[in-house]
Amino acid sequence: MPSLAQLLLRCIGIAYLAFASLPGRAATSPTPVLGSALQASRTSPHDLEVGGPLPGGLTRAFIPRERLLALPLTTVTNAMDPTRKAPAVYRGIPLTDLRSHLGLSARDADVVFGVCVDNYSKEFPNDYLEAFRSLLILEIDGKGPETWGLNVINKLPMAPYYILATDFAARPSETVLGRPESLRYPHGVARLEFRTDAATLARIRLPGTASPLARQGQAIAVRECLACHGHDDFGGTMSGRPWLLIKTWASNTNYFRRYVVNPRSVQPNSRMPAFNDLEPVVLDALQAYFRELRVADRPR
Ligand code: HEC
């Protein structure tokens, strides 16, 4: 016969378990199992650099590849890898799991930026991460990054990390002016920044009073331009032309439109890809967005 005290303890235990599984608990930060893996400096080109509100009060650290390989990994097959134009089997870790292993909840970091060796930076907002399981790929066909070579299309290096979701399907709700969202698959990723929307993307968003066309342009600009034309401390710096410089050019209709559609017609050695499939209304929307943008001097 259990004593009254034992019964009480059991009840408290059950009550605690019930409480622990309430949905509200998910808002608290998870256990940072990677806390002990964080190093202050890079020891290998294959270390993953991370930035954000990290365990131990750190804001920047490096994780050795071996420590990532020791985490629970996911294996998925892709019938057609876009960088190889061939099937591939990936082994890696979902970005949402990695975020948890760093002790961060979706609220602590509701946007993750994958920053590449050439300073291209692709943003992964939480809604995208929740819709598709973007993997931080550690192995392709059982092999590490030293064997990955170049993307066969753009001839850029694949190592040290590659991010891709095999279950991607463009969401109808994300189609803007007939332009669907596309798969985000940065490669040559060397750093992940765990940030908040409020401290980043919200700073280049138009107010509710902006024109509908400009707001449609905003969605397309963030998705298609920010990776190379960053603003302040987020987005890519590979172009060396920041967001507000694009805004300046947006007041020159002829230059802006010619440049976006066919950069080499303006600057013969431009490294910007031609956006030659943009409908005129999309160009109008992009231009309207940049013209209406007033970047608020908000604290981060
Ligand atoms: C893959 C990277 C990349 C993307 C994506 C990209 N750009 Fe660029 N862009 C560049 C680079 C690089 C340059 C500078 C040209 C150079 O030096 O090669 C540039 C230059 C420009 C310029 C001219 C700036 C100047 O000072 O003359 C404009 C305007 C521009 N981009 C607009 C856009 C817009 C609008 C988008 C989105 C629809 C976009 N870019 C997307 C890489 C990119």
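Within the listed set Ala274, Ala250, Ala106, the Gaussian network model of the chain (springs between alpha-carbon atoms below 10 Å) gives the highest mean-square fluctuation for Ala274.
When the chain is treated as a Gaussian network with alpha carbon springs shorter than 10 Å, the biggest mean-square fluctuation among Pro94, Pro280, Pro145 belongs to Pro280. Positive-end ranking of Val266, Thr209, Asn78 along the dipole of the chain, with charges on Cβ about the Cα centre, is headed by Val266. If R0 is 41 Å, what FRET efficiency do you get for Ala79 and Leu58 from their C-beta distance, rounded to 0.05? E between Ala79 and Leu58, to the nearest 0.05, is 0.55. For segment 185-224, the dipole from Cβ point charges (+1 on Lys and Arg, -1 on Asp and Glu) about the Cα centre works out to 60 debye, to the nearest 20. Normalised by the number of residues in segment 22-196, the mean separation of alpha-carbon contacts (under 8 Å, six or more apart) gives a relative contact order of 25 percent.
Between Ala198 and Leu177, the simple label model (points 7 Å from Cα in the Cβ direction) yields a spacing of 3.1 nm. Under 1.5 on a/c is rounded, so check that first for segment 98-179, then, if it is not, pick prolate when a/b is larger than b/c and oblate when it is not; a ≥ b ≥ c are the square roots of the alpha carbon gyration tensor eigenvalues. Judged from the Cα gyration tensor, segment 98-179 comes out oblate (a/c at least 1.5, b/c at or above a/b).
Taking the chain as a Gaussian network of alpha-carbon nodes connected by springs under 10 Å, the highest mean-square fluctuation of the residues Glu193, Glu123, Glu181 belongs to Glu181. Averaging the sequence gap over all C-alpha pairs within less than 8 Å and six or more residues apart, then dividing by the number of residues, gives the chain a relative contact order of 16 percent. Neighbours of Glu174 by Cβ distance under 11 Å: Lys/Arg scored +1, Asp/Glu scored -1, total +1.
Taking a sphere under 12 Å around the Cβ of Tyr289 and counting the other residues whose Cβ falls inside, with K and R at +1 and D and E at -1, yields a net charge of +3. As a proxy for reagent exposure, Ser251, Ser41 were ordered by neighbouring Cβ count within 10 angstrom, fewest first; the result is Ser41, Ser251. Is segment 200-294 rounded, prolate or oblate when judged by the Cα gyration tensor, a ≥ b ≥ c being the square roots of its eigenvalues, rounded requiring a/c under 1.5 and prolate requiring a/b larger than b/c? Taking the square roots of the gyration eigenvalues as a ≥ b ≥ c, segment 200-294 is oblate. Taking the number of other C-beta atoms within 10 Å as the exposure measure, put His187, His46, His101 in order starting with the fewest. Result, fewest neighbours first: His46, His101, His187.
Taking the centroid of alpha carbons for each part, segment 105-131 and segment 203-264 are 19 Å apart.
What is segment 22-196 by shape, rounded, prolate or oblate, if you read a ≥ b ≥ c off the alpha carbon gyration tensor as root eigenvalues and call it rounded for a/c under 1.5, prolate for a/b larger than b/c, and oblate otherwise? Verdict is oblate for segment 22-196. Using C-alpha pairs under 8 Å with a sequence gap of at least 6, the mean separation divided by the residue count of segment 51-122 gives a relative contact order of 23 percent. Taking Lys and Arg as +1 and Asp and Glu as -1, the other residues whose beta-carbon sits under 14 Å from that of Leu136 total +3. Panel order for Tyr289, Tyr128, by other beta carbons found within 10 Å of each beta carbon, from fewest to most: Tyr128, Tyr289. Using only side-chain charges placed at the Cβ, +1 for Lys and Arg and -1 for Asp and Glu, the dipole size of segment 22-196 relative to its Cα centre rounds to 100 debye.
Here, each number is a calculation from the coordinates, and none is a lab measurement. Because the structure is predicted, anything quoted here is derived from the model rather than measured. Positions of Cβ are backbone-derived with ideal geometry, glycine not excepted, and every protein chain shown enters the neighbour counts.
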